[in-house]
Structures are given as C-alpha cells and as structure tokens.
1. What number of residues within the range 365-383 are surrounded by fewer than 24 Cβ atoms within 10 Å (Cβ to Cβ) and assigned to a loop (DSSP other than H, G, I, E, B)?
2. For residue 265, work out the one condition from (1) at pLDDT 90 or above; (2) over 23 Å from the mean Cα position of the chain (by Cα); (3) within 15 Å of residue 74 (Cα to Cα) it doesn't fulfil.
3. Which residues, counting only those in the range 385-403, are loosely packed, with under 15 Cβ neighbours inside 10 Å and assigned to a helix (DSSP H, G or I)?
4. Those residues that are part of a helix (DSSP H, G or I), closer than 15 Å to residue 62 by Cβ and either modelled with pLDDT under 90 or polar (S, T, N, Q) (or both), I need them from the range 140-182; list them, please.
5. Do you know which residues across the range 10-24 are among the hydrophobic types (A, V, I, L, M, F, W, C) and surrounded by fewer than 17 Cβ atoms within 10 Å (Cβ to Cβ)?
6. Out of the residues in the range 410-432 that are at pLDDT below 95 and crowded, with 23+ Cβ neighbours inside 10 Å, which is nearest to residue 369 (Cα to Cα)?
7. State all residues of the range 335-364 that are touching a Pro at 6+ places or on another chain (Cβ under 9 Å) and surrounded by fewer than 24 Cβ atoms within 10 Å (Cβ to Cβ); if no residue qualifies, say none.
8. Scanning for something modelled with pLDDT of 90 or more and of a type in the set (Asp, Glu), does the range 326-345 turn up at least one residue?
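The values are calculated or read from the model by the stated rules, or taken from the named source; none is laboratory data. Given the structure is predicted, the values throughout are model-derived calculations rather than measurements. In this analysis, Cβ positions are derived from the backbone assuming ideal geometry, glycine residues included, and neighbour counts consider all displayed protein chains.
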Amino acid sequence: MLAFFGFCTIAVLLLLIMTKRTSVIVALVAVPIIFGLLAGLGPHLGEYMMKGLKGVAPTGIMLTFAILYFSVMNDAGMFDPIIKGIIRFGGRDPIKIVIGTGLIAMLAHLDGSGASTFLICIPAMLPIYEQLGIDKRILACMAALGAGTMNVVPWGGPALRAATSLQLEMSSLFNPVIPALGAGLISVLVIGFFLGKKEKLRIVNVGATIDVDYVVEESDEVKALKRPKLFLFNVALTIAAIVTLVMGIIPLPAVFVVALAIALVVNYPNVKTQQDRITAHGKAAILMVAIIFAAGIFTGILKGSGMIKALAETLVAVVPQSLGGHLPVLTAITSMPASLLFDPDSYYFGVLPVLASAAEALGVNAVEIARAAILGQMTTGFPVSPLTASTFLLVGLAGVDLADHQKKTIPLAFLVTIIMTVVAIITGAFRI
C-alpha cells in the first residue's frame, strides 16, 4: 500500500510541476502531506518533516551564501577584465572567437545562473559574430555548452537538488566527478575549435586581427559598484573559497558564509552599501532556498514513511538483477535527453530518489546514481530544454530559432555528457 501512495505522490507532483498548476514550493509541501494523511501517517508527519528539513539545512545555507557571494563579485567587476581579455584574444579569428565564447560562458556561469550568464555572454559577443558573419547558431551553441557543463558545480541547481533529494554530503557527491567536469570543459573548447575552424573556412575574407573593445552600456549606479583595484584580491578570494570547498578544509556550509563576509568588508566597507548588495540579490537566493527547504519536507515524508523504499522494492522486482550494476551508466546516458522531458525539480525530487533506492536494493550506492544524473540532467541539458526560461532568453538574445538551436546543440551537448560519463567511469566516480 505504501508503494501505491508513493507512486501517487510522485505522479501528482510531476503533473502539478510540469503543467504549472501550482508553484514548485506548494507542490513539494502539499502533495506529500495530503497523501501522507491518506496513508494514515498523520501522527508521524511532523517528525518526518523535521528530519527532512534538518537534512537539507547545510545545502540551503551553502546555496544562499554562494549566490550572494558570486553576485557581489559580479557587482565588483571581478569578471570584467577576464571577459575583456578573452574578447581581445579572439580578435577577428573565428576559431579564437568561438573558443572565447565558451570560455566567457564558463566564467560567467560561476554564479550558477543561466539568465545572468547569457546576459553577459551574448551581448558581448553578438556584434563580433555579426561583423564577421559567423553563424549565430554557433554563438548560442557555445554559450549553451559552456554554461551547461559548468552547471555541474556544487552550487549549481542540479547538484544542490541531487544532494538535497538524497541527503548527501556535497563533497561526496561532487569531488569524484571533478575529473569528469574537467574533461567536459576541455571537450567544449575542443568542440569550439572545430566549429570555429569550419566557420573560418566558410568565411572568405577574414581580415587581420584587431583589438575589439568590450563595450556594454552600464548605468552610473552599476559603475559606482565596480572595484577594479581589488581585482586580484577578489580572484584570490574566489580561488581560495573554491579550493576550500573541494578540499573540505572547513565545513562546506561555512565556506561561502566566510567568503561573503570578507568580500563585503573589503569591497564595500560602508554598512549601508553592504546591506544594499544583500538586498539586491536576496530575492534570487531566497527563491532557490525556499525550494530546497520545501524539498526537505517532500523527501522527509517519502523517506521517513517508507514510500520511497516501497517504490524501489516494486521497481527492483521488475528490473533484472543483471542490470543493477549498470544503473549509474544508464542514468548518465539518459540524463541529458531527460532534460527535454523533466524540469529539474521533477527529475531530482521525483525520479532520482526512486532510481537511487532501486540501485541500492541492487547493490549500487545511491551517490553513484546522483553523480551520473548531474552529468546531463539540467546541466548540459538545461540550455536546450524548452522547460527552462533561460533557454528562451538565450535564443532570443542570439536571434536564433529554438528548433535551429536545438538541432545544432543537442547532439554536441549529448557528446559532452558521454565524454564526461566515460571519464567518470575511468576515474571510479561510478561503476559500469
């Protein structure tokens, strides 16, 4: 009976989220409570919910301060000199320009926001593409591949959702996939080389290399926030924060709490300015954190009640034992195409727990399923998915048709996921 109520809970959750009948937060909280009451679990729901909330608290803390930190770094102009340098590096050479596009997308996506990445990358590069006659589908493609691959980072939405859904330590989830992520980023640049080379052959008269200025209209208010003299300090602080995060020198939730405090004091000593920066970026942080804690309610009830276990046992009963060890690889291979079918909340909170529980029943560690999932599901897949608003922002800014963008980018995004999957297998992130 628990399997039935678990199936109903997940099915209704997917239906409500994918049809946008309710907000994600409402669906994550209301649906498990309703079916928990119908299953006669009323007296225990509070206990399950609190356990779920405690399990996701570290993830929520890290996410809040990571968003604020990288937003403050963007305000201070930490990315500007690097982006200018990449654009000047490209000059009028299509190969360098296309590779530079990927690099800018990777860099801009350090804050984990697809919208801000495309707002930085596309307007900066579009005039150059138009001037030289480079296919704008390549601009959209490279921005998508760079941002999508970089979205594997631990403060990105997919990794946070996976860790929240399965209540995993972020270091145990992310650190083993670092080599795969590195291979993915390199593969994006290699793809950029071949795309640029093809365009260079197509364009008849490229001309000599000249300097191209990075010009973006900025308001006086935005200019007043820039701290060019603190560029080296901000870069060093960011590198230190990321190294500390990966090495686990201090507890993960504390890394960006400390980094944000240092960044605010050094860049904006004025207390009012500090408060203004937090207020300016608080909306984005609060929305994501609210989803994380709502997911804590959802996973707390489903796991505490035994619904997930019952569903997994049902799935295991129909899955051949011989396929058990291959579930991580199957998850990785299907993760990128799954972005076209499931939005991140549906997949990571609805589908992933069942896959992970079934894998555990078949002798596979759940964390391997999570690692496999983040190699494609709303990472390489998010900038081509019609389920994400940033996809439409990308094609709109680049001036390309969605169908043309998908036709160009989906095979390459899938290729990047396959490359990361192979490296993850070789390095032992998950078994084959």
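1. Of the residues in the range 365-383, 1 are surrounded by fewer than 24 Cβ atoms within 10 Å (Cβ to Cβ) and assigned to a loop (DSSP other than H, G, I, E, B).
2. Result: residue 265 fails condition (3) only.
3. Residues of the range 385-403 loosely packed, with under 15 Cβ neighbours inside 10 Å: 386, 389, 392, 396, 399, 401, 403.
Once the filter is applied, which keeps residues that are loosely packed, with under 15 Cβ neighbours inside 10 Å and assigned to a helix (DSSP H, G or I), the range 385-403 yields 389, 392, 396, 403.
4. So the first thing to find is which residues in the range 140-182 are part of a helix (DSSP H, G or I), and the list is 140-150, 157-166, 170-182.
Next, only the ones that are closer than 15 Å to residue 62 by Cβ stay: 157-164, 170-175.
Once the filter is applied, which keeps residues that are part of a helix (DSSP H, G or I), closer than 15 Å to residue 62 by Cβ and either modelled with pLDDT under 90 or polar (S, T, N, Q) (or both), the range 140-182 yields 157, 160, 164, 170, 171, 172, 175.
5. If we filter the range 10-24 for residues that are among the hydrophobic types (A, V, I, L, M, F, W, C), which is where we start, we get 10-18, 24.
11, 15, 18 - these are the residues of the range 10-24 that are among the hydrophobic types (A, V, I, L, M, F, W, C) and surrounded by fewer than 17 Cβ atoms within 10 Å (Cβ to Cβ).
6. Only one residue fits best here, namely 430.
7. Passing the criteria: 340, 364.
8. The answer is no, given that none of the residues of the range 326-345 is modelled with pLDDT of 90 or more and of a type in the set (Asp, Glu).
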